[in-house]
Amino acid sequence: MCGIVGAISAVRLKRNVVPILIEGLKKLEYRGYDSAGLAIQSTNGLIRTIKRVRAVGRVAALESQSEGLTATSGIAHTRWATHGAVNTDNAHPHISERDGLSICVVHNGIIENHEDLRIALQAKGYVFISETDTEVIAHLIHDVRGRTASLKEAVESARHQLEGAYAIAVLSNRDPDVLVGARHGAPLLVGLGTSENQGAPSGDSENFLASDTSALLQVTRRIIYLEDGDLVCLAADQIQIFNQDNLLVSRPVTVSALSLDAIELGPYAHYMQKEIFEQPGAIAATLQEVIGAKTLSAQLFGADAQPHFAATQQILILACGTSFHAGLVAKYWLESIAKIPVSVEIASEYRYRDSVALPGTLVITISQSGETADTLAALQHAIAKGMTSTLSICNVPESALIRASALRFLTRAGPEIGVASTKAFTTQLAALFLLALVLAKTQGRLSATNEKQSIEQLRHLPAAIMQVLAAEADFKRWAARFVHKQHALFLGRGIHYPIAMEGALKLKEISYIHAEAYAAGELKHGPLALVDSDMPVIAVAPNDQLVEKLKSNLQEVRARGGELYIIADKGSAITASEGVNLISLGDHAGLLSPILHVIPLQLLAYHVALARNNDVDKPRNLAKSVTVE
């Protein structure tokens, strides 16, 4: 969602932070946004002022307007509209100026009591220019700063009046040598300046703020991940962190494993294409502790996993979007292999109904970023109901979800920049298949023979994915026939029904073609009424125990003039004919078939979006990380 970057550098370094702010915003473009802006400390004689530049559209427009600006401290932001339309007045940063005091704020999140605060501040004479909740924060801090001795004290006082989720960075012309940040329910981190950048001891002459590590890789890999409720004061040569009780605390410094190379496009046309083709390596990295092993251990999921798994009587999976589809696939695996009943819930719905907490429940949360607001809130709700046996499957080791869970498994997909998830999804599936095996073994339901065969299947998986990717040209040819379509239907049966759901999601989110997925056996219960020659029907057809039933469903489509696009295994005995387009992937992959069959759907969606001249990596109206409700 929205992105924050902040920087403060010692005057003696003569380093202009404006290019750092701009480059940081560029690295956050993948999160989704509609406007961008920055604010810097400026000096006019002896008078300190804050200069602000904002632009609707891409960061490139902001960069053009910022040419010639220089400063040693500043904040910047990419906005994804929540409160208020997409225009310059609503773009961040927001500023409050009165009586010679200027307060400037950038903000990720939503302030739920902004209307009450707005009324109270208007009564004090504050004039609102925007429709945003963020402008409330700027005026509120301005009001408090007039009665306090420092910006830190003002932010500390003001933040306790805010209800909702926020990460903020604040500048004040009355406090020119400090940058203040605070977080509650939204991610924020500190970057320590490094000697190779500044010719000074690490962190002694410049420091940084950001909502995402990738924004700071240009200047540092030394990161402090702020805890929920933290407030940080950044000077060029000092960092002070205060917890929610306003006590000075120390947070560990982490050297990020991310590299600039990992978030660069390289030889690929788009990040989505790059990430589709990174899946063999991402799967291998995720399974690196298993591929060379002879046996499986519960410790793959944490040192304390064994007693949690042994006590598990049922499983609750909480996730959103693509991760929810991964959970639906996992239900089949967990019930088939481990013989444990599973419920899969959309995280954004789970905590808003009266649910029943059962003893012996393992709560599994799935998220690429580990910062998905709904999933975090659902986890906290489950814990509050007494379900403390928790496991997170996540791609970001320092994320809030990882820190909140008793057990964890890192998917090691690497940075995923494209908004449409690809490698994060398949690595989640690999992790969940591994979990099913480990739970089965822990509860005495996995024979040594089946364990060995499953490890061999996992070992072969990266190579099998490479064979699927080799068929990209076939799916590109299919894509040309979808360019002018407005609707599409995806069909699957059994464990491949969630894969059909994921395929429909991919097509709709980047090609803007309306797509729906159905269990193929449900055709006669309504969807068949939609089928005609203008409705392409994409079917996932592995050579499994349901393939004959699926063939009957597909015949119903052809009988009504529907055009079929079938992704099949060899041996499925499905042949191409008029109105039946067929691509065979190769030998059947057994229980791992869902991982192989989703990749063609990713390729199809990618090439359809390209053929329709869409922005593949930044689809309209969507954000990569949904960090607010």
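Near Met535, the amide H atoms lying under 5 Å from its own belong to Glu563; only residues 5 or more places off or on other chains count, and H is placed 1.01 Å from N. Does anyone have the angle between helix 114-123 and the longest principal axis of the chain? Alpha-carbon axes, 0 to 90°, nearest 10? Between the helix axis and the principal axis of the chain, the angle is about 20 degrees. Average accessible surface for region 326-411: 36 Å² per residue, computed with a 1.4 Å probe over protein heavy atoms with every protein chain in place.
Multiplying the sequence separation of Glu112 and Gln238 by 0.36 nm and subtracting their Cα-Cα distance, what value in nm do you get?
In short, 42.1 nm is gained.
Backbone geometry of region 409-418 corresponds, through the Karplus equation with coefficients 6.51, -1.76 and 1.60 at θ = phi - 60°, to 3J(HN,Hα) couplings of 9, 8, 7, 6, 6, x, x, 10, 8, x Hz, x marking Gly and Pro. Taking a ≥ b ≥ c as the square roots of the eigenvalues of the alpha-carbon gyration tensor, the chain is classed prolate because a/c is 1.5 or more and a/b outweighs b/c. Taking amide H positions as modeled 1.01 Å from N, with prolines and chain starts lacking one, the residues under 5 Å from Val249 and 5 or more places away or on another chain are Ile241, Phe242, Asn243.
Of the listed residues Val86, Val180, the order by accessible area with a 1.4 Å probe, largest first, is Val86, Val180.
Across the accessible surface of the chain, with the other protein chains kept in place and a 1.4 Å probe, carbon and sulfur atoms take up 49 percent. Over the chain, dividing the summed -39,500 (n - 2.57) contributions of all DSSP H runs of at least 4 residues by the number of residues returns a 222 nm mean residue ellipticity of -10000 deg cm²/dmol. The slack in the chain from Asp615 to Asp304, taken as 0.36 nm per residue of separation less the alpha-carbon distance, amounts to 107.5 nm. Once all protein chains are placed together, Asp177 keeps about 110 Å² accessible to a 1.4 angstrom probe.
Ordered from largest to smallest accessible area (heavy atoms of protein chains, 1.4 Å probe), the residues His484, His139 come out as His484, His139. With 30 Å as the limit, the listed pairs Lys506/Lys549; Lys331/Lys423; Lys274/Lys549; Lys339/Lys452; Lys27/Lys152 have Lys274/Lys549 beyond it between alpha carbons.
For the chain, a simple Cβ point-charge model (Lys and Arg +1, Asp and Glu -1, everything else neutral) yields a dipole of about 600 debye relative to the Cα centre.
For Leu582, the amide hydrogen comes within under 5 Å of the amide hydrogens of Ile566, counting only partners 5 or more places away or on other chains and with H modelled in the peptide plane.
Given Leu435, Ala479, Gly492, which one lies farthest toward the positive end of the charge dipole of region 422-536, if we put +1 on the Cβ of every Lys and Arg and -1 on the Cβ of every Asp and Glu? Farthest along the dipole direction, towards plus: Leu435.
Computed with a 1.4 Å probe on the full set of protein chains, the accessible area for Val290 sits at about 0 Å².
The values are calculated or read from the model by the stated rules, or taken from the named source; none is laboratory data. Since the structure is predicted, the reported quantities are computational estimates derived from the model, not experimental observations. Backbone-built Cβ (ideal geometry, glycine too); neighbour counts: all protein chains shown. When the accessible area is computed, the model is the full protein with side chains, heavy atoms only, and any ligands, DNA or RNA have been set aside. Shrake-Rupley method; radii C 1.70, N 1.55, O 1.52, S 1.80 Å.
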